[in-house]
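The values are calculated or read from the model by the stated rules, or taken from the named source; none is laboratory data. Just so you know, these numbers come straight off a predicted model, no measurement behind them. When we count neighbours, we look across all protein chains shown, and the Cβ atoms used for this are built from the backbone with ideal geometry, even at glycine. The protein model used for the area step is the full one, side chains on, heavy atoms only, and it has no ligands, DNA or RNA in it. Shrake-Rupley method; radii C 1.70, N 1.55, O 1.52, S 1.80 Å.
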Amino acid sequence: MSIPSTDNHAAAPIKKYQFLRKLKSRLSRRRIRKEDEKLLRAARDDATIQTEFNLPKTLNEALPDDKEKKNNDSRAIVVTECTGTYNMIGCNKAWENLCGYAECEIVGKNSSILQGPDSNFDGLRDAVARLFEGEEQASVVTTNYRKDGSRFKNLLTMGPIRNESGKLTHFVAILKNIGDIKEVKQ
């Protein structure tokens with residue numbers, strides 16, 4: 001009994017398809033990054049907007065057990081799982097004030113509760129992909145929606161949280177309400 005040989009001619013279209021799919025994905029990500037860079041540059045050029053943040057590196061830094069310390073941090077911080085649907089595990093008072101949700105309302109829910117038709121879905125996916133590729137920080141400008149439905153444009157800065165052995169366990173995000181920023185001319 002012999003094993004049928006693979007027809008190289010039949011495999012060629014599959015490899016070509018896979019190559020074209022990867023190329024299309026890379027070109028799309030490059031376009032997204034260029035568009036996001038324009039928005040980020042506009043935010044960074046606006047002297048009234050703080051765009052540099054010290055991201056917490058540990059879960060306890062992001063969400064301290066000390067309630068007073070957690071709620072006196074002026075940065076709007078939320079922490080998510082790093083797998084599945086990136087369910088939120090906690091936030092601080094500044095995040096609650098910005099987004100309109102109490103911490104007890106968001107635990108176990110994913111961040112899609114903040115997203116709507118004007119959200120930058122491609123930029124958000126790209127930022128998360130960059131974190132999985134090993135970047136220590138990724139930023140994106142997007143529009144989020146508060147609990148009451150009102151919109152706000154924000155600079156979202158994300159980073160990984162690792163355990164003592166260096167394993168990625170969560171993501172931390174800082175949201176900065178940037179209001180309306182001037183569009184960058186090409």
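Under 5 Å from the amide H of Asn110 lie the amide H atoms of Met88, each residue being 5 or more positions distant or on a separate chain, with H modelled from the backbone and absent for Pro and chain starts. Short-range pairs are left out: with C-alpha atoms under 8 Å and at least six residues apart, the relative contact order of segment 105-184 is 22 percent.
Val107 sits with roughly 80 Å² accessible to a 1.4 Å probe, with DNA, RNA and ligands left out of the calculation.
Using a Förster distance of 22 angstrom, determine the FRET efficiency expected from the C-beta separation of Glu81 and Ser165, and round it to 0.05. It would help to have the intermediate numbers written out before the result.
Values: r = 18 Å, r/R0 = 0.81.
That pair, Glu81 with Ser165, gives E of 0.80.
For segment 55-160, the square roots of the Cα gyration tensor eigenvalues, ordered a ≥ b ≥ c, give a/c of at least 1.5 with a/b no greater than b/c, which places it in the oblate category. Cross-link list Lys70/Lys153; Lys67/Lys147; Lys153/Lys176; Lys69/Lys109: which exceed 20 angstrom alpha carbon to alpha carbon? Flagged as over cut-off: Lys70/Lys153; Lys67/Lys147; Lys69/Lys109.
Run the numbers on segment 140-180 and let me know its relative contact order in percent, using alpha-carbon pairs under 8 Å that are six or more apart. With pairs under 8 Å counted, the relative contact order is 36 percent. Report, in whole Å, the centroid distance computed from the Cα atoms of segment 107-133 and segment 137-166. Each part reduced to its Cα centre gives a spacing of 8 Å. Computed 3J(HN,Hα) for segment 166-176, one whole-Hz value per residue from the Karplus formula 6.51 cos²θ - 1.76 cosθ + 1.60 where θ = phi - 60°, is x, 7, 5, 10, 8, 10, 10, 9, 10, 9, 10, glycine and proline marked x.
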